[in-house]
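Worksheet: the structure to be examined is printed underneath.
The values are calculated or read from the model by the stated rules, or taken from the named source; none is laboratory data. Remember, it's a predicted structure, so these values are computed and weren't measured experimentally. Cβ coordinates were reconstructed from backbone atoms using ideal geometry, including for glycine residues, and neighbour counts include every protein chain displayed. These area figures cover heavy atoms from the full protein model, side chains too; ligands, DNA and RNA do not enter into them. Shrake-Rupley method; radii C 1.70, N 1.55, O 1.52, S 1.80 Å.
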Amino acid sequence: MDVSLNFAAVPHILKSNWRCPSNIALVKYWGKKESGTQLPANPSISLTLSDLYTETTITVNHGNVSGEPAFTFLLEGQSKLAFEPKIYSFFKKIWNDFQVIRECHLVIDSKNNFPHGTGIASSASGFGALALALCDLEQAHTGKMMDDFFNKASEVARLGSGSACRSIYAGVTSWGKCESIENSSDFYATPFQSKIDAPLNDLMDAVLIVDDSEKSVSSTEGHSLLINNPYSAARYATAAKNHSRIIDSLEKGNVRSFIQIVESEALQLHAMMMASSPYYILMRPNTLAIIEKIWAFREKEGLPVMFTLDAGANVHLLYPAEYNEVVVNFIENALLDYCKSGQYLCSFTGKGPEKIQ
Ligand code: DP6
């Protein structure tokens, strides 16, 4: 990246450090509107995963008069050139809105608290943390406070990666224009305001690591394959219905329909991949083996445990926190053999992003 020095333009060393969690979608964002930038074809809803996060520090170290984004990106303190093109195009998208990008050279230092090579997507937490730190820095650089800081951060995060806009808020978060959520928008996410009763108000997510290799088809490519998928219109209509049904289930505490929607959404996401051209499969045999074990465990124990899937082979086992002990025993005794090197990671779902002083 071209770095042009202009120390006079930046009188103070400015810095911002934010921690932003990842999230797991219950109703999936899969497919983008054909017009506009990064707008979802249907509304989605997710749980923010408190304990799986990215921490990003951005430091302004000198001015930039090059007329284009100038930055250095470090992952765990090491230069990561492979990530720069994505960040560069993100900065281009938000260039007009961010004086700090136009006028400064930025050093971005990012780290994830989950191990590399676990197949856990870091784009939601990564762009979430980057957007929060950028908005913070913009306020410090210009001396102007944003009207709604988190709303702006969510909109900015979306331009980096769609699902990242939901990571800006704690708990259950929705993204996409819909009738059931007030102030909903395709441009930013909205936190779910209604009261959620037990046992759905305190879910945990155990991510069972089935495959830790690089995905054969990225999510961004996967979204674009929906344009020519003959089932996409039906999928978008079903997703919109599932979004409003899951809100109803949360408000009424209807566990049975909640589970049915969550699992159906996961399978539809992968069905869309299989029905794409070219077709592809991201589930692995152990993904299916784990799903069957979860179904058998639910049947036998009568507990509200369920699975969902991301765009990958790993299984997310969702369960109320009150059953943590029995579920961890189940994982240790029945599921570890299906996990790569016996790996799994548990996360609570309560907390959202935090500014680190
Ligand atoms: C399957 O947000 O990663 O996780 O907007 O192209 O960056 P881009 O895609 P991304 O897609 C996430 C898809 C998903 C479902 C979801 O999180 O809703």
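Some points to look at:
- Rounded to the nearest whole Hz, the Karplus-based 3J(HN,Hα) values (6.51 cos²θ - 1.76 cosθ + 1.60, θ = phi - 60°) of segment 316-331 follow the sequence 9, 9, 9, 7, x, 4, 4, 9, 3, 5, 5, 6, 5, 4, 4, 4, with x at glycine and proline.
- Interchain or long-range residues, amide H under 5 Å from HIS62's placed H: HIS105
- Of the accessible area of segment 172-228, computed with a 1.4 Å probe over protein heavy atoms only, carbon and sulfur atoms account for 46 percent.
- Residues with amide H under 5 Å from that of LEU49, placed H, sequence gap 5 or more: SER22, ASN23, ILE24
- Diffusion constant of the chain at 20 °C, which comes from Stokes-Einstein with the Kirkwood Cα-pair radius and 1.002 mPa s, µm²/s: 102 µm²/s
- Within the accessible area of segment 55-133 (1.4 Å probe), percent carbon and sulfur: 51 percent
- Sorting the segments 292-303, 50-61, 265-276, 69-80 by their residues' average number of neighbouring beta-carbon atoms within 10 angstrom, most packed first, yields 50-61, 265-276, 69-80, 292-303.
- Whole-percent pair-distance distribution, where bins are 10 Å wide, for the alpha carbons of segment 212-318: 13, 41, 34, 12, 0
- Tail beyond 17 Å, pair distance distribution of segment 223-262 (Cα, percent): 41 percent
- Distance histogram for segment 57-202 (every C-alpha pair counted, 10 angstrom bins, percent rounded to whole numbers): 11, 38, 33, 15, 4, 0
- Segment 297-354, relative contact order in percent, only Cα pairs under 8 angstrom and at least six apart counted: 18 percent
- For the set LYS92/LYS241; LYS32/LYS111; LYS111/LYS355, the pairs lying more than 26 angstrom apart at their alpha carbons are LYS92/LYS241; LYS32/LYS111.
- Helix 232-252 axis, angle to the chain major axis (alpha carbon atoms, nearest 10°): 80 degrees
- In units of the rule-of-thumb radius 2.2 N^0.38 Å, segment 14-143 shows an alpha carbon radius of gyration of 1.10.
- Counted over segment 79-127 with a bin width of 5 Å, the fraction of Cα pairs per bin, in whole percents, is 5, 14, 24, 26, 16, 8, 6, 1.
- In the context of the full set of protein chains, the chain has a per residue accessible area of 44 Å² (1.4 Å probe).
- In order along segment 124-129, the phi-based Karplus estimate (6.51 cos²θ - 1.76 cosθ + 1.60, θ = phi - 60°) of 3J(HN,Hα) comes to 5, 5, x, 6, x, 5 Hz; Gly and Pro are listed as x.
- Listed peptides 32-40, 105-113 by packing density, highest first (mean Cβ within 10 Å): 105-113, 32-40
- Here the Karplus relation 6.51 cos²θ - 1.76 cosθ + 1.60, evaluated at θ = phi - 60°, turns the backbone of segment 148-158 into coupling constants of 9, 3, 6, 4, 5, 4, 5, 5, 5, 4, 4 Hz, with x for every Gly and Pro.
- Think of it as helices only: each DSSP H run of n ≥ 4 in the chain is worth -39500 (n - 2.57), and spread over all residues that comes to -10500 deg cm²/dmol at 222 nm.
- In this structure the amide hydrogen of LYS33, modeled in the peptide plane, comes within under 5 Å of the amide hydrogens of LEU39, ALA41, none closer than 5 places in sequence on its chain.
- Length-normalised contact order for the chain - Cα pairs under 8 Å, 6+ apart - percent: 23 percent
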